[in-house]
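Colleague: Just dropping this structure here.
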Amino acid sequence: MLQHAFARIGTARHLLDRDSPLMIQSRVIQAIALRDLRTRFGRTFAGTAIIVIWPLCHLLLLISIWILARNVVPIGTDPAVFFGTGLLPYILYFYPARMIMFALTQNRTLLGLPAVKTSDIIIARCIVDLIASFWVASIFLLILFAFGVNALPHRPAEAMMAILATIYFALAVGWLGAVLYAMIKAWIAVQIGGSIIMYVCAGVFFIPTALPEKVRNALWFNPLIHSVEWLRSAYYDGYGEGMLSKSYFLWVSTVILFIALTIERGMRGRLMIQH
Amino acid sequence: MIKFDNVLKFYRIHRHRKVVLNHVSISLQPGASYGVLGVNGAGKSTFMRLIAGAELPNSGRIQRTVRLSWPIGFSGGLHHTLTGRENVKFLARVYGEDHRHILDFVEDFAEIGPYIDAPVRTYSSGMVARLAFGLSMAIRFECYLIDEVLAVGDARFQTRCRAEFNKRKQHADIIMISHDTSAIRQYCEHGIVLADGNLHYFHDVDDAIELYKRINM
């Protein structure tokens, strides 16, 4: 039996595949992503589902609390739409960025395999969280419909762009977090603390244009405020004028990603060693 | 081929700089097996990790044009919440192998029976070692890395490990670290002695063993 199995595996040099480096990398990333799905919260289907259910429950809980606390909203007629368009960007940023931050520290032993590189581990986690984010947004929309909320934006393409830009921002921050957290454990406090400050100042519960100019100018630098403004501009006509800067939001994400990639390349040797 | 080009590797330990490889250049050719010798702390395992790509040099370049194994018996690729079967599938995917063939081999070789469907965290250390060794043998490599461990388990299983490894040896190269000079002599034709941050290459492994014995006295 063993000989039979061995015969099928073969060992001759000429039998070894000669895939291109890109093919090998995509194969490795796919394998790590599938492993991540099964190991993050347990190897059952329920464990995999938690990747989507956890942020979704957080989102629904926050919306329920805010609807109960404030039934009158500053714009529109439906509190669920107002709070939903504010909280969805926060959830789509916070969860992927946080989970990607842990990617390297949770999977560092894989670097003992010659085929696996640090970037493969981070990209695999980005893919899993990208897919999870789409599920969260889609299921959230369906739940709103199920409760009779007209959650369809006036400009669907704009809403989709806002969601994609937010996920891009989350992946960039997550990548930076992954490389810094692998070297500096205190980074977790900076990223989580920074995320909470961004959330409070993102205009989730208020309209930034209603604030004094000095405060508004200071809040303008918060990338998450642009995410919220962008998504709401797809729902409310004229919303975001004078505040929303799509280019600023995309540039901040790109610069963060560039810094993350530069650190990852320059410090790869340190990232591979357990600190 | 594995080529070290002016490789510098050092560690900082309590403000002290410990140089493992001091601007070393060497080419390990395909079709040849190398035994690496050196006293404790000389940096043999670091040299192995550099070859495997598990660590990077501080400066210089390392090029690899062969499909390298992980150090035989290395179990870091196994996830303890996954079953043996799921771990086998994961590693087969990483190396682009047909997981059914790999699984057939590992199930037969590792002799862990129904435990193949149990999470690895429930395995005894011996079962983890057998699974890891079986995986090392199941996936095809052009060059096998051995850091001391050439066989695991009880005497009977160790005999099987050596027999299986000898089959791989017929078609693949070996880079072997060991204090066991008879094992080095058995599996390798060329020798490298690592001492004071320098690699001393010997075409004849017996010359390397001779130098190692003199250093070790």
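Colleague: Can you tell me which residue among A:VAL204, A:VAL190 is touching a Leu at 6+ places or on another chain (Cβ under 9 Å) and modelled with pLDDT of 95 or more?
Modeller: Testing whether each residue is touching a Leu at 6+ places or on another chain (Cβ under 9 Å) and modelled with pLDDT of 95 or more leaves just A:VAL190.
Colleague: Would you check if there is a residue in region B:155-171 being charged (D, E, K, R), farther than 19 Å from B:LEU135 by Cβ and surrounded by 15 or more Cβ atoms within 10 Å (Cβ to Cβ)?
Modeller: no
Colleague: Let me ask another. For B:ASP108, only one of the following conditions fails: (1) more than 9 Å from chain A (Cβ to nearest Cβ); (2) free of Cβ contacts under 8 Å to residues at least 24 places away in the same chain. What is its number?
Modeller: The single condition B:ASP108 does not satisfy is (1).
Colleague: Name every residue in region B:139-156 that is within 13 Å of chain A (Cβ to nearest Cβ) and either in a loop (DSSP other than H, G, I, E, B) or farther than 29 Å from B:GLY43 by Cα (or both), in order of residue number.
Modeller: If the condition is that a residue be within 13 Å of chain A (Cβ to nearest Cβ) and either in a loop (DSSP other than H, G, I, E, B) or farther than 29 Å from B:GLY43 by Cα (or both), then B:ILE139, B:ARG140, B:PHE141, B:GLU142 are the ones that fit.
Colleague: Would you mind stating whether A:THR44 is without any contact (Cβ under 8 Å) to a residue 12 or more places away in the chain, within 14 Å of chain B (Cβ to nearest Cβ) and within 18 Å of A:ARG98 (Cα to Cα)?
Modeller: Spelling it out, it is not the case that A:THR44 is without any contact (Cβ under 8 Å) to a residue 12 or more places away in the chain, within 14 Å of chain B (Cβ to nearest Cβ) and within 18 Å of A:ARG98 (Cα to Cα).
Colleague: Look through region A:84-109, keep the residues that are crowded, with 24+ Cβ neighbours inside 10 Å and touching a Gly at 6+ places or on another chain (Cβ under 6 Å), and return whichever of them is nearest to A:ASN150 (Cα to Cα).
Modeller: If we take residues in region A:84-109 being crowded, with 24+ Cβ neighbours inside 10 Å and touching a Gly at 6+ places or on another chain (Cβ under 6 Å), then A:PRO96 is nearest to A:ASN150 (Cα to Cα).
Colleague: Is at least one residue of region A:60-71 surrounded by 16 or more Cβ atoms within 10 Å (Cβ to Cβ), more than 14 Å from chain B (Cβ to nearest Cβ) and under 19 Å from the mean Cα position of the chain (by Cα)?
Modeller: Within region A:60-71, one or more residues are surrounded by 16 or more Cβ atoms within 10 Å (Cβ to Cβ), more than 14 Å from chain B (Cβ to nearest Cβ) and under 19 Å from the mean Cα position of the chain (by Cα).
Colleague: Among B:ASN6, B:ASN22, which is the only one that is in a strand (DSSP E or B), touching a His at 6+ places or on another chain (Cβ under 7 Å), surrounded by fewer than 17 Cβ atoms within 10 Å (Cβ to Cβ) and touching a residue at least 12 places away in the same chain (Cβ under 8 Å)?
Modeller: Answer to the selection: B:ASN6.
Colleague: Let me ask something else about it. Please pick out the residue among B:ILE72, B:ILE62 that is more than 7 Å from chain A (Cβ to nearest Cβ), crowded, with 20+ Cβ neighbours inside 10 Å and of a type in the set (Val, Ile, Thr).
Modeller: After applying the criteria, what remains is B:ILE72.
Colleague: Still on this structure: Going by the conditions given, is B:GLY35 closer than 14 Å to B:ASP147 by Cα, at pLDDT below 90 and surrounded by 20 or more Cβ atoms within 10 Å (Cβ to Cβ)?
Modeller: The answer is no for B:GLY35.
Colleague: For the list (1) more than 9 Å from chain A (Cβ to nearest Cβ); (2) closer than 17 Å to B:ILE116 by Cβ; (3) aliphatic (A, V, I, L, M); (4) in contact with a Phe, Trp or Tyr (Cβ under 8 Å, 6 or more places away or on another chain), I need the number of the one condition that B:VAL88 fails.
Modeller: Failing condition for B:VAL88: (4).
Colleague: Given the condition at pLDDT 90 or above, in a loop (DSSP other than H, G, I, E, B), within 20 Å of B:VAL39 (Cβ to Cβ) and among the hydrophobic types (A, V, I, L, M, F, W, C), answer yes or no: does some residue in region B:201-215 qualify?
Modeller: No: region B:201-215 contains no residue that is at pLDDT 90 or above, in a loop (DSSP other than H, G, I, E, B), within 20 Å of B:VAL39 (Cβ to Cβ) and among the hydrophobic types (A, V, I, L, M, F, W, C).
The values are calculated or read from the model by the stated rules, or taken from the named source; none is laboratory data. Predicted model only: the values in this text are computed from it and were never measured. Cβ sites come from the backbone with ideal geometry, for glycine too, and all protein chains shown count toward neighbours.
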